[in-house]
1. Quick check: the angle from helix 234-250's long axis to the longest principal axis of the chain, C-alpha only, nearest 10 degrees?
2. Which value in nm describes the separation of the simple spin-label points at Arg311 and Arg149, placed 7 Å from the Cα toward the beta carbon?
3. Give the label of the value calculated from the structure for Cα extents along the principal axes in Å, choosing from (i) 77, 54, 47; (ii) 63, 54, 44; (iii) 78, 56, 39.
4. For region 2-172, with the dipole built from +1 on Lys and Arg beta-carbon atoms and -1 on Asp and Glu ones, taken about the Cα centre, which of Phe70, Gln113, Asn164 lies farthest toward the positive end?
5. Once the dipole of the chain is set up with Lys and Arg at +1 and Asp and Glu at -1 on Cβ about the Cα centre, which of Asn39, Ala403, Phe315 lies farthest towards its positive end?
6. Springs between alpha-carbon pairs under 10 angstrom, Gaussian network model over the chain: which of Ser25, Ser57, Ser371 fluctuates most?
7. Under unit Cβ charges (Lys, Arg +1; Asp, Glu -1), what dipole magnitude, rounded to 20 debye, does the chain have relative to its Cα centre?
8. Give the angle, between 0 and 90 degrees and rounded to the nearest 10, that separates the Cα long axis of helix 345-355 from the longest principal axis of the Cα atoms of the chain.
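Nothing in this text is a laboratory measurement; each read-out follows from the coordinates by a stated rule. Model, not experiment: these values are computed from the prediction. All Cβ positions, glycine included, derive from the backbone under ideal geometry; neighbour counts span all protein chains shown.
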Amino acid sequence: MGILLVCITQLYGADLPIASIQDDSVLRNAISDTWLTENPIVVLRNRPFVRNLPGGSQIQVRAEARNDEFSVILARERNNTFPGWAQGSWIYTRNRASGEPLRIRIFLRSDPQIFIQFRPFGRDRSQIDLVLYEAYIIHGLPIGVPFDRLLTMPVEETLALAGNRFPRHYFEPNPGLYRNITPYRENRDNNFISRVRSHLPSLSFADDGAINENGQYVLIESLQPQRAAPGLNCSGFAKWLVDGMLRPLTGRRLAINPLKAPISARSPALAETIDVRDSLFGLDWTRNLALEAARVLRSPAFATVENVEIRTAPFSALIDRRGGGAAIRNFAGYLNNAGFNIEGLRPLLYTLAINEPGYLYLASVNRDRGSNPVQRQHYHVAVLVPFFNEFGNFQTAVFESAAETNLAGFINRHPNAMINLVRIPVEGVFNP
């Protein structure tokens with residue numbers, strides 16, 4: 001058994017597969033009368049204590065109150081602390097005044113933004129939610145068991161009630177699938193992200209700058225040589241990165257003019273009222289780069305916009321925390337020639353990293369500008385590389401305008417924007 005657990009840990013990183021999480025239902029049963037069903041005033045007077053599960057895991061039992069709610073927390077140990085969100089942690093929340101049950105929240109990954117929760121649903125049923133980075137992958141799925149039974153049921157039994165409607169794979173990433181993308185102990189320098197990072201110090205930003213098929217720094221609009229200090233803008237940098245993936249296979253860099261060619265449908269009315277090429281430049285540029293990558297890294301048959309563009313998301317609702325609350329707001333999904341609202345970008349990248357490991361995404365950032373008419377402007381391009389590191393933690397490398405940034409900063413810099421994504425497989429040698 002010890003050898004098996006070691007192998008599983010190495011495969012899935014610091015967290016275990018769901019079936020290997022040590023069950024704590026016996027402990028919950030033992031404390032039910034004094035912690036789970038007792039009067040809220042009495043529960044909040046209870047002193048925290050620590051127990052060892054038969055398999056060796058430690059759990060701290062404590063109660064915490066916030067506003068009009070209070071929670072009983074069975075917090076798993078992580079790095080000699082009990083944060084409440086380590087894998088296997090279980091939280092039961094009730095109304096502080098009435099003691100009415102509100103929800104049970106369970107963390108199946110060691111990530112405070114990834115959890116499942118159960119809520120009462122009538123007298124004989126409950127409902128389950130699955131939340132990934134503020135997005136509801138499942139919302140209000142009914143299960144045929146009274147809520148009070150969930151207080152002492154093993155977690156695996158509660159998940160079984162949802163059957164194949166529960167997407168277990170979102171909680172069990174295999175870090176080994178991302179070894180060619182991200183640094184591991186044995187490949188610190190020989191991976192895509194490290195190789196891109198190693199070249200960044202030699203790059204600089206220049207407005208409208210790119211490298212043409214002959215390796216010369218030119219202006220994208222005129223194709224004339226850059227006269228000031230040479231550099232790359234956001235679009236030129238995305239081309240530089242894609243060239244670094246394709247040139248080792250083709251022996252050449254991409255020409256600039258074909259990347260500017262319109263792909264999106266242009267209506268006559270639109271063409272008469274706005275500068276269409278400038279408005280949709282980032283959309284066409286990223287699509288053309290992805291199509292060229294598909295031809296080289298896959299086959300010409302894959303080189304269609306429908307194959308390279310991300311047009312579906314596995315969620316349709318988000319948690320809205322504006323104003324300090326936690327309301328539920330609809331997520332509109334894909335909009336043609338615009339993509340997705342940026343507020344859903346992090347959960348979208350998480351699900352993409354799980355569902356199609358080994359890809360990076362070119363993002364064209366856009367929003368409505370002006371009036372009479374309103375014009376959709378694609379004004380920025382970035383490269384997003386989602387992955388799970390060797391410990392199973394979700395991360396996203398963000399490269400834009402000849403530099404590395406971060407996902408939180410990227411999202412904050414573009415409030416209320418839309419993000420159009422196209423995929424490119426990360427394969428072979430990177431050599432720009």
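1. That helix lies at roughly 80 degrees to the long axis.
2. Here the answer is 4.3 nm between the modelled labels.
3. (iii)
4. About the Cα centre, the residue reaching furthest to the positive side is Phe70.
5. Result: Asn39.
6. Looking only at Ser25, Ser57, Ser371, the largest GNM fluctuation is found for Ser371.
7. Details: 45 positive and 40 negative charges, 42 e Å.
The calculation lands at about 200 debye.
8. With rounding to tens, the tilt is 90 degrees.
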